[in-house]
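Colleague: Just passing along the structure, written as structure tokens.
The values are calculated or read from the model by the stated rules, or taken from the named source; none is laboratory data. This structure is a prediction, so every number in the text was calculated from the model and none was measured. Reconstructed Cβ throughout: ideal geometry from the backbone, glycine too, with neighbour counts over all protein chains shown.
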Amino acid sequence: MLRASAKEDVEAPAKEKKGAITIPHLVYLAKTLAKGLKREKAILDLVLVLFWGMARLGELTYRECTGHPNTKREVTIQDVLFLQKADGTKRATILLREAKTAKPREVQKLWLKTQGNLLCPIEALKRRKIEVGNPEATLFGYQSKTGQRTNLTREAGKSYPPYPHTRNGATAQGLGGDQKGKGEILSTPNHNPEVLGGRIDRSPGHS
């Protein structure tokens, strides 16, 4: 039986991998999801932050679609801080607890830089904060007409339309951690969080 099972595994066709998110796909999503309801707009903001921050989907989504977040490992509104450098550059940071690459009890910081266009992750974070006044609410979620908050789970974070001009539909699994990939997209061979945003221990240019 083991031999038969092994043979079936070998003969089974390999699953086709989803394509990585690209700038044209982000533009397509921004124009498409921005026309949607609160859920679609929340997903768009999540995707923008995932892409520019090189975060993992599981780090910014929630285990439960309703209820209060686990503040020991899930991000809330109060985990976001906006700042402006001396040269006028606007940035934002998100505190990540129990990140996959973090040491025990280590809090990592996700740094984001303004992009000055419809793909700006800073504006995405501002939209999330404006929608809900409760600082302890989930960062990525949306309010229903009855006032109940729905949190974006991992599955919800992947439920956006594929880019129609590529053979493989890209998903949020194509986001985050792909420093080389984003460097190629933006013509920057060596990724630098100071330029693009990403995960570093402290604020660029600050002690």
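Colleague: Specify which of the listed residues (Glu155, Glu136) is surrounded by fewer than 17 Cβ atoms within 10 Å (Cβ to Cβ), modelled with pLDDT of 85 or more, in contact with a strand residue (DSSP E or B) (Cβ under 6 Å, 6 or more places away or on another chain) and charged (D, E, K, R).
Modeller: Checking each option against the conditions leaves just Glu136.
Colleague: Right, next: Here's a check for you: in the stretch 98-109, which residue that is more than 14 Å from Leu57 (Cα to Cα) and not acidic (Asp, Glu) is surrounded by the fewest Cβ atoms within 10 Å (Cβ to Cβ)?
Modeller: Across the stretch 98-109, the extreme among qualifying residues is Pro104.
Colleague: Out of Gly116, Gly181, Gly169, Gly198, which single residue is modelled with pLDDT under 90, buried (at least 18 other Cβ atoms within 10 Å of the Cβ), more than 18 Å from Asn70 (Cα to Cα) and not polar (S, T, N, Q)? Can you show your working first?
Modeller: On the way: Gly116 fails: buried (at least 18 other Cβ atoms within 10 Å of the Cβ); Gly181 fails: buried (at least 18 other Cβ atoms within 10 Å of the Cβ); Gly169 fails: buried (at least 18 other Cβ atoms within 10 Å of the Cβ).
Among Gly116, Gly181, Gly169, Gly198, only Gly198 is modelled with pLDDT under 90, buried (at least 18 other Cβ atoms within 10 Å of the Cβ), more than 18 Å from Asn70 (Cα to Cα) and not polar (S, T, N, Q).
Colleague: Lys85: touching a residue at least 60 places away in the same chain (Cβ under 8 Å) and surrounded by 12 or more Cβ atoms within 10 Å (Cβ to Cβ), yes or no?
Modeller: Against the criterion (touching a residue at least 60 places away in the same chain (Cβ under 8 Å) and surrounded by 12 or more Cβ atoms within 10 Å (Cβ to Cβ)), Lys85 qualifies.
Colleague: Can you find a residue that is surrounded by fewer than 15 Cβ atoms within 10 Å (Cβ to Cβ) and modelled with pLDDT under 75 anywhere in the stretch 122-133?
Modeller: no
Colleague: Taking the criterion of being assigned to a loop (DSSP other than H, G, I, E, B) and at positive phi, would at least one residue in the stretch 99-116 satisfy it?
Modeller: Initial filter on the stretch 99-116 (assigned to a loop (DSSP other than H, G, I, E, B)): 99-106, 114-116.
When the remaining residues are screened for being at positive phi, the result is 105, 116.
Yes, because at least one residue in the stretch 99-116 is assigned to a loop (DSSP other than H, G, I, E, B) and at positive phi.
Colleague: In the stretch 55-65, how many residues are surrounded by fewer than 21 Cβ atoms within 10 Å (Cβ to Cβ) and touching an Asp or Glu at 6+ places or on another chain (Cβ under 8 Å)?
Modeller: Residues that pass the stated criteria total 1.
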